[in-house]
Amino acid sequence: MRGAGAALLTAAAVLASGITLLGCAGTPEPDPRYRPTQSVLEVVAVLRRHVPDDTYRFAPARDFTGRNVYRASLLRLENLETAHADALRAGTLDDVIAFSKGRALERIRAFDLAAVSYGRAADRDGPLREESLRSAAICQALDEAAHIKPLGDGTAVDRDTALPAFERRRALLEALLADAGGSHYAAVIEEEIERTDLDLARFMADIRRLHPEGDVRALAAIQQLVVTHRESKNTNSHLLALGDLYAELAVEYVQTHPPESLSFDPPHFEELVEAAARMYEAVSNQDGAPEKIEAARRLEAFLAFMLKIDRDRFSP
């Protein structure tokens, strides 16, 4: 028994020493993916990989943290400039950093800042100078287009004043697209054209009550948005917006023409209802789409509204 007890004590001592050693070893090394960025080359490599991405048709890529890859790259470049200011003081990488920041800024719609960054890169007589000058000119034109708005002084304007502004903005972007075709700027410019059409559709929806034909023109603007940008990554959002307008028109019609009144027109109301339901169903039936649940909930809410309507009015 004494031998067995001695063996147990020895084993316990060894186990205790092992636990002590583990405790003194400290925390394990973090996953390399989550360590702070150590070199400009690492960020440039990520940007170079994603610059050609078609962000008009597909959502922007995300890094391992789940953040927009262009936004994340910009932050990492700025952090590197701060953390390694002494090492970068020589300026040998100034044009590379400025050019890379321009590539990141243009994808998050900071066109004015992107143009400034490209200008800094062009100040250095190197291999990036020619492309920097070209990119700076395109970003300046994109910034100019983005600032063409119908509400220049922040006050309400009429439709006749606003529409030419939208047309001028779109014409500038279309001309820019023709010159930049074949480059990664095609996706950036297409996104801006889509945003222009979306702003126009929203404007027409906002002022529709001010004009006798306002409802028709607002519907036409959103329908044109859906048709023109059917290949966009935002097509489901556009369909939801169209469904929302049809649903809003249906609710307003019931408020103006109660179902029990003689002015209520069942065929007209059914046309609005079917159009709204069709838009919601088109999105809710798309498995994997982020808007699927949102569309299903809106359809349920709209059906709940329908239950309040006197169904006898739809009987032949």
Classify the stretch 36-147 as rounded, prolate or oblate from the Cα gyration tensor: take a ≥ b ≥ c as the square roots of its eigenvalues, call it rounded if a/c is under 1.5, otherwise prolate when a/b beats b/c and oblate if not.
oblate
Size of charge dipole - the stretch 36-147 - debye, nearest 20, with Cβ of Lys, Arg +1 and Asp, Glu -1, no other charges
380 debye
I need T228, T55 ordered by Cβ neighbour count within 10 Å, fewest first.
T228, T55
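Counting pairs of Cα atoms in the stretch 192-239, how many percent are more than 15 Å apart?
Roughly 40 percent, rounded to a whole number.
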C-alpha center-to-center spacing [the stretch 247-297, the stretch 86-133] in angstrom:
50 Å
Options C139, I108, A121, ranked by Cα towards positive dipole end of the stretch 36-147, top entry (Cβ charges):
I108
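With the cut-off at 1.5 for a/c, could you classify the stretch 88-145 from its C-alpha gyration tensor as rounded, prolate or oblate? Working shown, then result.
Numbers: a/c = 2.72, a/b = 1.71, b/c = 1.59.
Prolate, because a/c is 1.5 or more and a/b exceeds b/c.
Percent of alpha carbon pairs in the stretch 162-314 separated by more than 26 Å?
Summing the P(r) of the stretch 162-314 above 26 Å gives 37 percent of all pairs.
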Which value in nm describes the separation of the simple spin-label points at R129 and L307, placed 7 Å from the Cα toward the beta carbon?
7.3 nm
Per-residue counts of other Cβ atoms within 10 Å, averaged by peptide: what ranking do you get for 59-70, 92-103, 255-266, 121-132, highest first?
92-103, 121-132, 59-70, 255-266
If I stretch the segment between N79 and E248 completely, what's the gain in nm (0.36 nm per residue apart, minus their alpha carbon distance), one decimal?
56.1 nm
So how much slack lies between S237 and R297, counting 0.36 nm per residue of separation and subtracting their Cα-Cα distance, in nm?
20.2 nm
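Using only the Cα atoms of the stretch 222-311, build the gyration tensor, take square roots of its eigenvalues as a ≥ b ≥ c, and label the shape rounded, prolate or oblate: rounded if a/c is under 1.5, else prolate if a/b is larger than b/c, else oblate.
prolate
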Computed ³J(HN,Hα) along the stretch 256-261: with the Karplus parameters 6.51/-1.76/1.60, θ = phi - 60°, integer Hz and x for glycine or proline, the list is 7, 10, x, x, 7, 7
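Only the coordinates and a few stated rules stand behind these numbers; no lab work does. Computed from a predicted structure; not experimentally measured. As a convention, Cβ positions derive from the backbone with ideal geometry for all residues, glycine included, and neighbour counts pool all protein chains shown.
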